[in-house]
Amino acid sequence: MNLMELPQLTLVSGKGGVGKTTFACAIALDQAQTNTDETVLLLSTDPAHSLGDVLLLPVDDEARSHPDLPNLRIRALDAERLLAIFKADYGHVLETLVERGSFVENDDLSPVWDMDWPGLNELMGLLEIQRILRAGEADRVVVDMAPSGHTLNLFGLMDFLDTLLASLRLFQDKHRYMIESLSGRYEQDDADTFLDDMTADLAAGRSQLQDPHRTACWVVAIPEPLSLHETERFVEALSELQIPLGGILVNRLTGSAPQRHQLEQFAQITAADTLVGLPLQAQEPVGRAALQTLLTGLAPTEVWQDPQIQTQPLAWPEPVSPGLPDFITEGRRLVILGGKGGVGKTTVAAAIAWGQAQQHPNANVRVMSIDPAHSLGDVLETPLSNEAIAITENLTAQEVDADVVLEQFRDDYLWELAEMMSGDTGDDRLQLAYGPEAWRQIVAQALPGIDEMLSLITVIDLLEQDQEQLIILDTAPTGHLLRFLEMPTALGDWLAWIFKLWIKYQDVVGRTELMSRLRGLRKQVMNAQKRLTDPAHTEFIGVVQNQSAILAEATRLTATLNDMSVPQYYIVHNRYAPGQDLPPNTFPEQTVIRLPDLPDSVHPQMQVAGASQLLFAKSPALVR
């Protein structure tokens, strides 16, 4: 481990499914064994964490010592429990501040705490990491982060919280102005203390996260084009956020010619002073013994640049029955791909769209990525944006850009909603200094974690237009996929709360036309919810690989989907090898579609074309 120097706070992130959790567990175990006089905390902020699956231990929101290493404590954050604690500590003062900045009475704000908040996991994760470090609960903290897109959301919360506190301070300034005008003097209250303390805590947290002597973010990757491109974007974003990069770990190395080419590209990432690798493991590294053995293979990536290593000749595998059905013929309009990060969702989504477009040349097919860390353009080897791009005559592709969708959402609803919430008094001095301005500041700031809501809005709009015979969704990893599927209910609850407020205060705020538009939005949201649970309309397909942590997460996802009444009839077993079927009865209610491992020496778009043949149980021999 002398290749790595770990500071007080080590953050581990990267593209989903590359081995982030495994690496985080391994270095935490190593640190605890090496530094027996230190307390090491291994923490997960991923809503669909796999710490327990990798360590072979029960893990929840209570920090517990490892049975063999008492100085290693392990914990997976529970955002809902942390929100309850936050509400108990600060709920009253926050309700007071919002009441002072709006027309809403304190009692009307209580239901908000029970609603689903966009960005809740990221917000609670950031605040809890800062609290742990402030309280000195551990000498070293290793954080197993969510995949890169949602990790950046967590880091981005620093800017959002700065703006939110500035807006709340404007609410308090309005209150102070009114008290001073009426009584001639003002005494600070609990709200002032909260704002001062929170501002100081966030400044200290930002200082910690941006201090290279105290913090390092390690990026885990695998030697494949999709992982390379996402790593490049992630490292660039870390630099913009001034988060120190500890180094890049490239996992699952064999030294093949395609991998050597990818390692050359990783070496060009100039921000990375440290580039190390781990070899492909013969068996999945789970449990303490395997994890501690894993790090003995850590070495500079030059070790795998030996040109003498032979590469297997290109050979396409044969299809394995059964294949996927013809979704367009069966009348499906929406197919959602989901699963743990890195299992191949993007490639499978693109391949299904490609295959259906070829089978139905007169049907319009759209493949859309709603993952904030998009890889769809990388798979299709085509730069994509929020506007659909033609891939073939009848196949289009799109990567939802949350910033673009949010700007339209602001224009359609949020700016006017901010004015309504401000409760304009008609006093120009109050209005200019304190009234709508504070709410505009909040609305102008992109809320990290709002991606799922904006993705839902985009999908709703596309379904309403009814111009595509089939839409394929490439989703974020499991925890954030579930937030997307829950978003119709959450957004419906928020709109119902707004309607209730409006009914109570309509004589004060007016805005009849805005309420009419919001009712139209709620109707669209409820229709989308019905479609998501209609098996004649929507098909959910899980994607897995034959690894215990992946299968454990997929099993939990399948059970949750069943509870949500989301139909799931198929599981794609990606990277299938003959004789390595999934354990019996892992998915007893689903048909398993086996997608053999694809040649790694062909371009990504050719892999998509070949996979489209294999998924529908046809020979890929025609792929050139």
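The values are calculated or read from the model by the stated rules, or taken from the named source; none is laboratory data. Predicted, not measured: the structure shown is a model, and the values here were computed from it. Methodologically, a virtual Cβ is constructed for each residue, glycine included, from the backbone with ideal geometry; neighbour enumeration extends over all protein chains shown. Heavy atoms of the whole protein, side chains included, go into the accessibility calculation; ligands, DNA and RNA do not. Shrake-Rupley method; radii C 1.70, N 1.55, O 1.52, S 1.80 Å.
Between the Cα long axis of helix 148-183 and the first principal axis of the chain there is an angle of about 0°, rounded to the nearest 10. Which angle from 0 to 90°, rounded to the nearest 10, does the C-alpha axis of helix 478-509 make with the longest principal axis of the chain? Tilt relative to the chain: about 20 degrees. For the pair residue 280 and residue 403, the difference between a 0.36 nm per residue extended length and the Cα-Cα distance amounts to 40.5 nm. FRET efficiency for the residue 605 to residue 512 pair, using the beta carbon distance and R₀ = 56 Å, is estimated at 0.65. Per residue, the solvent-accessible area of the chain (1.4 Å probe, heavy atoms of protein chains only, all protein chains present) comes to 42 Å².
Using a probe of 1.4 Å on the protein chains alone, the accessible area found for residue 124 is around 10 Å².
Quotient of the Cα radius of gyration of the chain and 2.2 N^0.38 Å, N being its number of residues: 1.01. Here each label is just a point 7 Å from Cα along the line to Cβ, and for residue 585 and residue 190 those points are 5.4 nm apart. When Rg and the Kirkwood Rh are both derived from Cα coordinates, the Rg/Rh ratio for the stretch 467-533 amounts to 1.11.
Among the protein heavy atoms of the chain, carbon and sulfur supply 49% of the accessible surface, probe 1.4 Å, non-protein parts ignored. For the listed peptides 584-591, 18-25, a ranking on the average number of other beta carbons within 10 Å per residue, highest first, reads 18-25, 584-591.
Taking 7 Å steps out from each Cα toward its Cβ at residue 257 and residue 465 produces label points 4.3 nm apart. Label sites at residue 267 and residue 92, each approximated as a point 7 angstrom past Cα along Cα to Cβ, lie 6.3 nm apart. Placing unit charges on the Cβ atoms only, positive for Lys and Arg and negative for Asp and Glu, gives the chain a dipole magnitude near 1360 debye about its Cα centre.
Estimated from helical segments only, the mean residue ellipticity of the chain at 222 nm is -15500 deg cm²/dmol, where each DSSP H run of four or more residues counts as -39500 (n - 2.57).
What fraction of the Cα pairs in the stretch 130-236, stated in percent, has a spacing above 16 angstrom? The proportion of pairs with Cα distances above 16 Å equals 71 percent.
In terms of its alpha-carbon gyration tensor, the stretch 9-304 comes out prolate; a/c meets the 1.5 threshold, and the first ratio a/b outweighs b/c.
For the stretch 227-292, just say rounded, prolate or oblate: build the C-alpha gyration tensor, square-root its eigenvalues into a ≥ b ≥ c, call rounded for a/c under 1.5, and beyond that prolate if a/b exceeds b/c, oblate if not. Oblate is the answer for the stretch 227-292, as a/c is 1.5 or above yet b/c matches or exceeds a/b. Using a cut-off of 28 Å between Cα atoms, the listed pairs 87/174; 174/523; 174/504; 340/523; 15/618 include 174/523; 340/523; 15/618 as exceeding that distance. By the gyration tensor of its Cα atoms, with a ≥ b ≥ c the square roots of the eigenvalues, what is the shape of the stretch 1-95: rounded for a/c under 1.5, prolate for a/b over b/c, or oblate? In terms of gyration-tensor shape, prolate.
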